[in-house]
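The structure appears below as structure tokens.
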Amino acid sequence: MKFKLSLVVLLILSINLVKCDENDDEFDDGVTVEEEVEPVVSQKEEKIEYQSPYPDNSKFHLAEHFDDLKRFEEKWIKSQAKKDDIAEEIAKYDGIWNLESPTRNILENDLGLVLKSKAKHAAISSRLNKPFKFGSKPLVVQYEVTLQDGQECGGSYIKLLSSGSDTTDLKSFNDKTPYTIMFGPDKCGNDVKLHFILRHVNPKNGTIEEKHSKKPKDRIEEPFKDKQPHLYKLIINPDNTYKIFVDHIAVNEGHLLRDLNPPINPPKEIDDPKDFKPESWDEREKIPDPTAVKPENWDVPPQIVDPNSSKPENWLDDEEDMIPDTTAEKPNDWDVELDGIWEPPMIKNPLCENAAGCGKWEPPMIANPEYKGKWRAPLIDNPNYQGKWSPKKIVNPDFFEDNDPFSRITTISAVGIELWSMSSDILFDNIVITDDESHATDWAEKTYDLKRKHLDKQAETFVQKMKKIVNESPWIVALLVVVIGLPVSIILYMLCSSSPKKIENPKKTDEMTADDTYEEPQATDKKSKFDLNEPEMEQLEVNEDVQEENVEQEQEEPVEEVKAEPTRKRKPRKE
């Protein structure tokens, strides 16, 4: 125990010395204030130099940091459309968008696009600096999302709008506006998704069909809970491969021809819609044996009367288990027309309390050992079995073969965010669209990576900091042990060793009782307990025992039984 106490003191002194070492440039007034230990970042660490990246149009089809209010008002257009398939009062896109700092401000002068409202339709979009045409270069889409209020049901994805007449006026942007790609997180309840949806144009008839990427192997739930910024990136390569990243970590990848559902290319053959199964077609592999006969002694009841049971001797056949309460009286306000004929409430028959039972006695039932269940004829091979029927195959009239879907993806002319969410304060930031992954990586280094670096420092526990300091400066440990730890340990050992001797049996027990109180010592002529000889000590203990018994008897009070009043039950009132 003494050794453990010494170690605790040594640890406390070590912590204080380390704190002094970290803040050696501050004035120390000699006063120590004990506080709850939390991961604290010094002012020097909090000030991370941030400068809005330059949106070079030669590198980016779109690069938006949302730090320039004037630029934002010029480029981004809030939708004024209405949905045409819902009630008028909720059809309008009246969600509120603001340009503001995050609630947890990490970088100075860093703003983001925030959806302030919830349970409202909201849409906003911006035209690209130049359309993105799919050819020999990859498509790289990257953006940040911070769910500042968490998210239970709603999306935070973006849409890459298709080039064409339907996207000329972005004020009419709505859920029906044609898009080429939808990408980003979505969650409702336990259904967690990271969308990558490609709208593919049928080269044969021009119809459009949504193709969904396969799901990631692992559920991505943390971004919906931790209220921190997360970076999402999609890369589609000219070789028709794609890759999805979350916070620079690949979480999904695949091939446009193999890993989309439904597939890009339809099957060459399909079932003939005009072919029907004949009525006489027999698909049963097994049938009941028609020659089988149920045995004569098969049908027996599943339960029988217990032959070993007998009525108890003190069973009262002529008494009912429940009888009317003869002491009950009809209430004065009882209305026969409204309440019906009054009947006294039923109570447990007191004669049955000490008897085995009342009323008609019936022997208990037990499982019948002879019961075999419902009889069924045994199965045999069906002599008329014709196999599983399937319709004939015909050539698919809509078949086409697109072996290079990347090159046929519809050109992108704008980016839009169109949402309905049950969470507010969804922050979007640093949206970039480019054809070179290095440009997106460089942009992330100047934005998201700075935020992540700051958050990682804040997340470092005090123990981790201690380990780091010890590893970098092991001489501190030796100095503490020699200069401070050793003298303190010796002093504590000496103090603990000089404890007073224990007085033998000053009273019956050393445990604190409810009657133990502290009183200031007063001058008296009476002898102290510790000055009494052995006979006087025994007599004093006897007197104390008698006094304690008297107090206990005075505290005991008889508890009167409270008889519950009978409850009144009425019959249902007549209609």
When segment 379-391 is examined, which residues are found to be surrounded by 12 or more Cβ atoms within 10 Å (Cβ to Cβ) and among the basic types (Lys, Arg)?
none
Qualifying positions in segment 350-378 - closer than 24 Å to residue 317 by Cα, loosely packed, with under 10 Cβ neighbours inside 10 Å and within 53 Å of the chain's Cα centre (by Cα)
364
Which numbered condition residue 424 misses (of (1) open to solvent by less than 70 Å² (accessible area, probe 1.4 Å); (2) at pLDDT 95 or above)
(2)
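Which count do you get for residues in segment 409-421 that are at pLDDT below 90 and among the hydrophobic types (A, V, I, L, M, F, W, C)? Outline the logic, then answer.
Filtering segment 409-421 down to residues at pLDDT below 90 leaves 420-421.
Checking the rest, the ones that are also among the hydrophobic types (A, V, I, L, M, F, W, C) come to 420.
Number satisfying all stated conditions: 1.
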Among 239, 275, the single one that is open to solvent by less than 70 Å² (accessible area, probe 1.4 Å), among the acidic types (Asp, Glu) and in a loop (DSSP other than H, G, I, E, B) is 275
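Residue by residue through segment 392-406, note down the ones that are in contact with a strand residue (DSSP E or B) (Cβ under 9 Å, 6 or more places away or on another chain), open to solvent by less than 80 Å² (accessible area, probe 1.4 Å), closer than 18 Å to residue 200 by Cβ and not aromatic (Phe, Trp, Tyr).
Narrowing segment 392-406 to residues in contact with a strand residue (DSSP E or B) (Cβ under 9 Å, 6 or more places away or on another chain): 392-399, 402, 405-406.
Cutting the leftovers down to open to solvent by less than 80 Å² (accessible area, probe 1.4 Å) gives us 394, 396, 399, 402, 405-406.
Checking which are closer than 18 Å to residue 200 by Cβ leaves us with 396, 399, 402, 405-406.
Scanning segment 392-406 gives 396, 402, 405.
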Filtering segment 257-272 down to residues that are open to solvent by less than 90 Å² (accessible area, probe 1.4 Å) and in a loop (DSSP other than H, G, I, E, B) yields 257, 259, 262, 263, 264, 265, 266, 267, 272
Checking residue 439 against (1) touching a Lys or Arg at 6+ places or on another chain (Cβ under 8 Å); (2) in a loop (DSSP other than H, G, I, E, B); (3) open to solvent by 20 Å² or more (accessible area, probe 1.4 Å), the condition it does not meet
(2)
Does segment 63-81 contain any residue that is open to solvent by 30 Å² or more (accessible area, probe 1.4 Å) and part of a strand (DSSP E or B)?
yes
Which ones in segment 404-460 are under 22 Å from residue 198 (Cα atoms), over 32 Å from the mean Cα position of the chain (by Cα) and among the acidic types (Asp, Glu)?
404, 435, 436, 437
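Out of segment 82-100, which residues are within 30 Å of residue 226 (Cα to Cα), assigned to a loop (DSSP other than H, G, I, E, B) and open to solvent by 30 Å² or more (accessible area, probe 1.4 Å)?
94, 96
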Sole residue being out of contact with any Cys (no Cβ under 6 Å at 6 or more places or on another chain), surrounded by 11 or more Cβ atoms within 10 Å (Cβ to Cβ) and within 30 Å of residue 276 (Cα to Cα), chosen from 304, 287, 347, 323:
287
Determine if segment 198-214 includes at least one residue that is in contact with a Lys or Arg (Cβ under 8 Å, 6 or more places away or on another chain) and free of Cβ contacts under 8 Å to residues at least 40 places away in the same chain.
yes
Taking segment 101-139 and keeping only residues that are acidic (Asp, Glu) and open to solvent by 40 Å² or more (accessible area, probe 1.4 Å), one is left with 108
For segment 355-404 the number of residues that are farther than 30 Å from residue 288 by Cβ and either in contact (Cβ under 8 Å) with a residue 40 or more places away in the chain or among the hydroxyl-bearing types (Ser, Thr, Tyr) (or both) is 23
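The values are calculated or read from the model by the stated rules, or taken from the named source; none is laboratory data. All values reported here derive from a predicted model rather than from experimental measurement. Every residue, glycine as well, gets a Cβ built from its backbone with ideal geometry; the counts of neighbours run over all protein chains shown. Please note that ligands, DNA and RNA were not included when accessible areas were found on the heavy atoms of the full protein model with its side chains. Shrake-Rupley method; radii C 1.70, N 1.55, O 1.52, S 1.80 Å.
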